[in-house]
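These notes concern the structure reproduced below.
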Amino acid sequence: MRGERLLRAGDRFAVRPGLVSRLVAPGFRTMLDRVDRGLETGSLRAHLPDGTTRTLGGRQPGFDVEIWLQDWRALLRLATGGSIGWFQAWEAGEWEADDKVALFALFTANARTLGDTARSSGPARWATKLAHRLNRNSRAGAARNIAAHYDLGNDFYAAWLDSSMSYSSALAFGEDGLEAAQRRKQDAIADRLGAPQTVLEIGCGWGSLAQRLAQDGARVKAISLSEEQLRWGREHNRHAIDYALQDYRDVEGSFDAIASVEMVEALGRENWPVFMDCIARHLKPGGRAAIQYISMADDLFETYAASVDFIQAYIFPGGLLIKSSEFRELAEERGLQWRDEQRFGADYAETLRCWRENFERAVAQSRLPKGFDQRFVRLWTYYLCYCEAGFRAGTIDVHQVTLTRN
């Protein structure tokens, strides 16, 4: 089955509460009390397994959600496995909500006051950290991690992305929709780079940005670790672009400009300095680099990085969002000036909403390629809801920034 590599990788993090949850069910009232105290904004109307209903929060405006808790084991999975356990509880039919995006956004918006209430704890936390270490981004590990996600198949991504095959946030949504907003994102990147003769694109996706830069006359070297993406780029290449299956750590030469759009989230924190070394080493004096990246709020980052979440377990093995202040410091230590930073998280929320609606439409119309079973479809729908919620809540953001080398 296609997509099984991601499912198997995620299942290594499985939380299996067993029958013990029925014996300790009274203790879940205490957990609900903690959730109630931690919901500073918004509310959760919970229908509980014993037939009672309880409203948590409701003190200030925010996201309002109704949830049906079918089994106490869902709370045990949440308490021990955090967001990984919560997904596994949903997959097992132990809870359902009237609006999953709003539910995830409710918890994310209150992350500071909820503390560790909805994060993995105890032996499960250490077990998931150990399993996550198997996804470290060595050269071989990075290739495996990228292939697990991006080599699901070009026919799969073509079923729900726009025609440019852009798999990153669009910019400045308007009535003209997703594809036009994706063009505005690419135009913004091109404007940041000026009029370079040579460009290195690190993590080129399916090649739409490389083609946008090449049509302005630049000679573009576009690198990726995804064979599927490179094949698409070469087949749909309308310009002279040098596509290469290459790790950014193995690049040679110097360039007038460097572009990288939402690639750095795949690096892992230990490789952030290596990435900045690459930019400083290969950017010509006076050159510009345009970086688009996704960040976790600085004050939440250390807690986030100390455990493994649903996205790292099931969707992006080896991934980690960026701590923006640390990322900037690493750039400036290498003589790269940090300029013209723009944040546009609301546009990413809209991008994800469009992708989710496109994906659900493709499923309903039987346009997904063969090989993806119902379990994978549910996983992917959950993933798109989960990510949209982070941007709706504002704890996750997307940035564009220009780095210049004097």
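The values are calculated or read from the model by the stated rules, or taken from the named source; none is laboratory data. In this text the structure is predicted, and so the values were computed from the model without any measurement. FYI the Cβ positions are ideal-geometry reconstructions off the backbone, even for glycines, and counts take in every protein chain you see. Remember, those area values only see protein heavy atoms, side chains included, never the ligands or the DNA or RNA. Shrake-Rupley method; radii C 1.70, N 1.55, O 1.52, S 1.80 Å.
Details
- The number of residues in the stretch 154-190 being assigned to a loop (DSSP other than H, G, I, E, B) and open to solvent by less than 20 Å² (accessible area, probe 1.4 Å) comes to 10.
- For the condition part of a strand (DSSP E or B) and more than 19 Å from Q400 (Cβ to Cβ), G286 qualifies.
- Any hit, the stretch 340-348, residues being modelled with pLDDT under 95 and more than 23 Å from A142 (Cβ to Cβ): no
- Only one entry in R29, R54, R77 is under 25 Å from the mean Cα position of the chain (by Cα) and either over 24 Å from F391 (Cα atoms) or among the hydroxyl-bearing types (S, T, Y) (or both), namely R77.
- Against the test of being charged (D, E, K, R) and in contact (Cβ under 8 Å) with a residue 40 or more places away in the chain, the options R59, R73, R45, R54 yield a single qualifying residue, R73.
- The lone exception for V199 - which of (1) open to solvent by less than 30 Å² (accessible area, probe 1.4 Å); (2) touching a His at 6+ places or on another chain (Cβ under 8 Å) it fails: (2)
- Some residue of the stretch 289-306 being over 29 Å from G177 (Cα atoms), part of a loop (DSSP other than H, G, I, E, B), open to solvent by 10 Å² or more (accessible area, probe 1.4 Å) and modelled with pLDDT under 95: yes
- Set side by side, the residues E302, E270, E332, E326 differ, and just one is under 21 Å from I146 (Cα atoms) and of a type in the set (D, E), which is E270.
- Test: S325 is of a type in the set (S, T, N, Q), within 14 Å of the chain's Cα centre (by Cα) and over 19 Å from F87 (Cβ atoms): no
- Note on the stretch 216-253: among residues that are in a strand (DSSP E or B) and under 28 Å from R2 (Cα atoms), the one that is most open to solvent (accessible area, probe 1.4 Å) is L245.
- Here G57 meets each of (1) small (G, A, S); (2) touching a strand residue (DSSP E or B) at 6+ places or on another chain (Cβ under 7 Å); (3) open to solvent by less than 10 Å² (accessible area, probe 1.4 Å) with one exception, condition (3).
- Residue match in the stretch 317-334 (condition: among the aromatic types (F, W, Y), modelled with pLDDT of 95 or more and either outside any helix (DSSP H, G or I) or open to solvent by 20 Å² or more (accessible area, probe 1.4 Å) (or both)): no
- Counted residues, the stretch 348-382 - those being of a type in the set (S, T, Y) and open to solvent by less than 10 Å² (accessible area, probe 1.4 Å): 2
- So Y314, is it open to solvent by less than 10 Å² (accessible area, probe 1.4 Å) and touching an Asp or Glu at 6+ places or on another chain (Cβ under 7 Å): no
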